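Submitted below is the structure of interest, expressed as structure tokens.
The values are calculated or read from the model by the stated rules, or taken from the named source; none is laboratory data. Remember, it's a predicted structure, so these values are computed and weren't measured experimentally. No Cβ is skipped: glycine too gets one built from the backbone with ideal geometry, and neighbour counts run over all protein chains shown.
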């Protein structure tokens, strides 16, 4: 079946860029998403990209999509302590199937 | 605009009991999704309701069930609770573009 995979942990220094990677298996994915979950909270949509796009930029966030390799990445420029959270990659090919990865826990070093 | 609201925030039950969790979607959203997030794990899809009907179901046993009411709010019921049902249960509602907006979740603890 369809699957979304992410590395579990990432540690970066404050002020550096963070790059969180994700791979997916569904070749019919039409939407790909990045969500952020802070401790004790639900998921907050950060951004999403249509599968016919290669890149999307929104302030400090840059999403890159390599559809051929089924690889999605989220770059956070100038990472701050407030960016500490779990980041979930998700994909959907229809309204009935929105599949999430296991999340990447981003920690920030001073 | 109010977001997705879930209740209760926390719920403690013992094995064998039943739990009922509630979700109110964003006004105008007709689709409600339920996900289970067990400790340290990702989100596992439970159920999808749209226009009052169950449209899709994840790989969970039948003791996980729910419904959607005419006002599009939804209820998730878990019968015969087991210890491994302890998790954060997240509800989300959807408008267009397959974008889900999540509530803060209901944390269920089974003792």
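Hey, can you tell me all the residues within the stretch A:1-15 that are outside any strand (DSSP E or B) and more than 14 Å from every other protein chain (Cβ to nearest Cβ)?
A:14, A:15
Conditions (1) at pLDDT below 95; (2) closer than 25 Å to residue A:94 by Cα, marked per residue:
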{"residue": "B:5", "(1), (2)": "no, yes"}
{"residue": "B:14", "(1), (2)": "no, no"}
{"residue": "B:21", "(1), (2)": "no, no"}
{"residue": "B:36", "(1), (2)": "no, yes"}
{"residue": "B:42", "(1), (2)": "yes, yes"}
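Yes or no: residue A:106 crowded, with 20+ Cβ neighbours inside 10 Å, more than 14 Å from chain B (Cβ to nearest Cβ), in contact (Cβ under 8 Å) with a residue 24 or more places away in the chain and touching a strand residue (DSSP E or B) at 6+ places or on another chain (Cβ under 7 Å)? Give the steps one after another, and end with the answer.
Numbers: crowded, with 20+ Cβ neighbours inside 10 Å: yes; more than 14 Å from chain B (Cβ to nearest Cβ): yes; in contact (Cβ under 8 Å) with a residue 24 or more places away in the chain: yes; touching a strand residue (DSSP E or B) at 6+ places or on another chain (Cβ under 7 Å): yes.
Yes.
Which number in (1) within 14 Å of another protein chain (Cβ to nearest Cβ); (2) modelled with pLDDT under 95; (3) within 15 Å of the chain's Cα centre (by Cα) marks the one condition that residue A:28 misses?
Among (1) within 14 Å of another protein chain (Cβ to nearest Cβ); (2) modelled with pLDDT under 95; (3) within 15 Å of the chain's Cα centre (by Cα), the lone unmet condition for residue A:28 is (3).
Report yes if residue A:52 is surrounded by fewer than 14 Cβ atoms within 10 Å (Cβ to Cβ) and within 14 Å of chain B (Cβ to nearest Cβ), otherwise no.
yes
Oh, and also: Quick one: residue B:49 ticks every box in (1) more than 10 Å from chain A (Cβ to nearest Cβ); (2) surrounded by fewer than 20 Cβ atoms within 10 Å (Cβ to Cβ); (3) under 24 Å from residue A:95 (Cβ atoms) except a single one, so which number is it?
Here residue B:49 meets the rest and fails (2).
For the stretch A:16-84, list the strands (runs of 3 or more DSSP E) that sit wholly inside it and hold at least 1 residues that are touching a residue at least 40 places away in the same chain (Cβ under 8 Å); which are they?
It comes to A:18-24, A:31-37, A:43-50, A:71-76.
State all residues of the stretch B:78-98 that are within 14 Å of another protein chain (Cβ to nearest Cβ) and crowded, with 16+ Cβ neighbours inside 10 Å; if no residue qualifies, say none.
Hits for the stretch B:78-98 are B:87, B:88, B:89, B:90, B:91, B:92, B:93, B:94, B:98.
Now for a different question. So which of B:87, B:19, B:38 is closer than 26 Å to residue A:3 by Cα and touching a helix residue (DSSP H, G or I) at 6+ places or on another chain (Cβ under 8 Å)? Walk me through it before giving the result.
Details: B:87 fails: touching a helix residue (DSSP H, G or I) at 6+ places or on another chain (Cβ under 8 Å); B:19 fails: closer than 26 Å to residue A:3 by Cα.
B:38 is the lone residue from the list that is closer than 26 Å to residue A:3 by Cα and touching a helix residue (DSSP H, G or I) at 6+ places or on another chain (Cβ under 8 Å).
Suppose we filter the stretch B:4-14 for residues that are surrounded by fewer than 16 Cβ atoms within 10 Å (Cβ to Cβ) and either within 11 Å of chain A (Cβ to nearest Cβ) or touching a helix residue (DSSP H, G or I) at 6+ places or on another chain (Cβ under 7 Å) (or both); how many remain?
3
Could you go through the stretch B:15-23 and let me know if any residue there is touching a residue at least 60 places away in the same chain (Cβ under 8 Å), under 18 Å from residue A:98 (Cβ atoms) and either within 14 Å of chain A (Cβ to nearest Cβ) or in a strand (DSSP E or B) (or both).
yes
On to the next question. Restricting to the stretch B:42-58, name every residue that is within 30 Å of residue A:7 (Cβ to Cβ) and in contact (Cβ under 8 Å) with a residue 24 or more places away in the chain.
So in the stretch B:42-58, the residues within 30 Å of residue A:7 (Cβ to Cβ) come out as B:42-48, B:56-58.
Passing the criteria: B:43, B:46, B:47.
Can you find a residue in the stretch B:59-77 that is within 14 Å of chain A (Cβ to nearest Cβ), touching a residue at least 24 places away in the same chain (Cβ under 8 Å) and either assigned to a strand (DSSP E or B) or under 17 Å from residue A:43 (Cα atoms) (or both)?
no
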